[in-house]
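Following: one structure in structure tokens, then a few remarks.
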Amino acid sequence: MNWLTNVVRPKIRNMLRRETPENLWIKCPDSGQLVFYKDVEANQFVIPGSNYHMRMGAVARLKSIFDNETWFDVALPDVTPDPLKFRDEKKYVDRIKDARARTNLNDAIKVGYGKLEGSAVVVAVQDFDFMGGSLGMAAGEAIVRGMELAVEKKSPFIVFAASGGARMQEGILSLMQMPRTTVAVQMLREAKLPYIVVLTNPTTGGVTASYAMLGDVQIAEPGALIGFAGARVIEQTIREKLPEGFQRAEYLKEHGMVDMVVHRHELRPTLARLCRLLTKAPALEGASRPTQAVTSPAQIVSAAETAPAAPHA
């Protein structure tokens with residue numbers, strides 16, 4: 001009898017059990033409703049019922065911006081992986097390996113060059129899934145290289161910021177990326193090229209204190225958390241209760257910190273219009289119509305090999 005209950009029944013259950021993916025359903029952080037993952041993915045990671053904007057990965061973001069979901073991956077300079085030989089509960093090099101395996105990214109920022117409604121643009125996307133989108137040497141190099149490429153190609157530069165701040169495992173070398181990126185922004189200004197920043201949830205710390213708040217146009221996604229220090233730290237420092245919605249995109253727009261709050265579905269045409277306006281380029285006929293998605297992967301090229309136009313499959 002024990003053999004039947006302890007061995008046979010468990011084996012039968014395992015044979016009948018179906019494997020269910022862990023991310024098949026998503027729970028909305030705002031309303032608590034369960035939504036089918038594929039529906040959220042098809043809706044650009046916006047919860048259909050509550051309009052809550054989920055975090056969006058770097059590759060998905062680039063697909064949503066470039067024409068025909070096609071772009072050139074910009075080759076980025078290599079940096080020393082662990083300059084301080086840092087270790088806490090885990091070695092820093094092991095944390096980087098884990099983040100790379102989980103996200104398929106080399107570091108927190110991915111840079112692409114392609115067409116946005118017919119106009120050439122350089123886009124940098126910060127992926128929060130890679131160690132909280134923290135700003136380290138590799139991320140700083142990515143921002144600087146992207147801005148240099150924008151100057152070379154005489155095209156607008158768009159950055160999607162999403163970060164918890166500087167990367168503590170790199171110490172002062174991480175903090176040095178703040179002035180480096182600020183100097184690169186000035187290089188864009190001297191070249192009279194548009195610099196557009198899209199602040200996503202969350203954008204905090206040293207990223208907010210540098211390139212994320214220096215755009216010619218500051219755009220924020222609805223409900224995005226934007227600030228330098230956390231709300232609890234501020235309350236403890238000033239010993240006052242903060243107002244409702246403090247550090248959220250809508251609050252910052254009301255107080256002049258950002259220029260506009262744009263829904264993710266309207267972000268692409270808005271960026272295209274801004275690029276045309278700031279570069280005095282003519283509007284492309286039928287540009288506002290959605291382009292048909294293709295499945296061809298982005299091509300990886302060096303900055304010197306980047307062609308004037310993105311390929312179309």
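The values are calculated or read from the model by the stated rules, or taken from the named source; none is laboratory data. The structure presented is a predicted model; accordingly, all values stated were derived computationally and were not measured. Because the Cβ atoms are built from the backbone with ideal geometry, glycine has one as well, and the counts that use them run over all protein chains shown. Remember, those area values only see protein heavy atoms, side chains included, never the ligands or the DNA or RNA. Shrake-Rupley method; radii C 1.70, N 1.55, O 1.52, S 1.80 Å.
Points to keep in mind about this one:
- FRET efficiency for Ile172 and Ala101, using Cβ-Cβ distance with R0 set to 30 Å, rounded to 0.05: 0.60
- Over region 55-279, Cα pairs under 8 Å with separation of 6+ residues give a relative contact order of 16 percent.
- Surface accessible to a 1.4 Å probe, His263 within the full protein complex, Å²: 50 Å²
- Equivalent ellipsoid semi-axes, region 55-279, via Cα gyration tensor eigenvalues times 5, rooted, Å: 26, 24, 16
- Evaluating 6.51 cos²θ - 1.76 cosθ + 1.60 at θ = phi - 60° for every residue in region 71-87, the Karplus couplings come out as 7, 9, 6, 7, 5, 10, x, 7, 10, 5, x, 9, x, 9, 6, 7, 8 Hz, glycine and proline recorded as x.
- Pairwise label distance in nanometres, Lys85 with Ile234, each label 7 Å out on the Cα-Cβ vector: 4.1 nm
- Per-residue Karplus couplings for region 261-275, computed as 6.51 cos²θ - 1.76 cosθ + 1.60 with θ equal to phi - 60°, are listed in order as 10, 10, 4, 4, 5, 9, 5, 4, x, 5, 5, 5, 5, 5, 4 Hz, Gly and Pro entered as x.
- Cross-link reach is defined here as a Cα-Cα straight distance under 27 Å, omitting same-chain residues fewer than 8 places apart; for Lys153 the lysines meeting it are Lys63, Lys110, Lys115, Lys192, Lys280.
- With semi-axes defined as the square roots of five times the eigenvalues of the C-alpha gyration tensor, the equivalent ellipsoid of region 138-232 measures 22, 17, 9 Å, largest first.
- For region 24-150, fraction of C-alpha pairs farther apart than 23 Å, in %: 44 percent
- When you filter the trypsin sites (Lys or Arg not before Pro) in region 67-145 for DSSP loop state and at most 16 other Cβ atoms inside 10 Å of their Cβ, you are left with Lys85, Lys90.
- HN-Hα J in Hz across region 88-99 - Karplus 6.51, -1.76, 1.60, θ = phi - 60°, x for Gly and Pro: 10, 6, 8, 5, 4, 4, 6, 5, 5, 4, 5, 5
- Dipole magnitude for region 55-279: computed about the Cα centre from +1 point charges on Lys and Arg Cβ and -1 point charges on Asp and Glu Cβ, it is near 140 debye.
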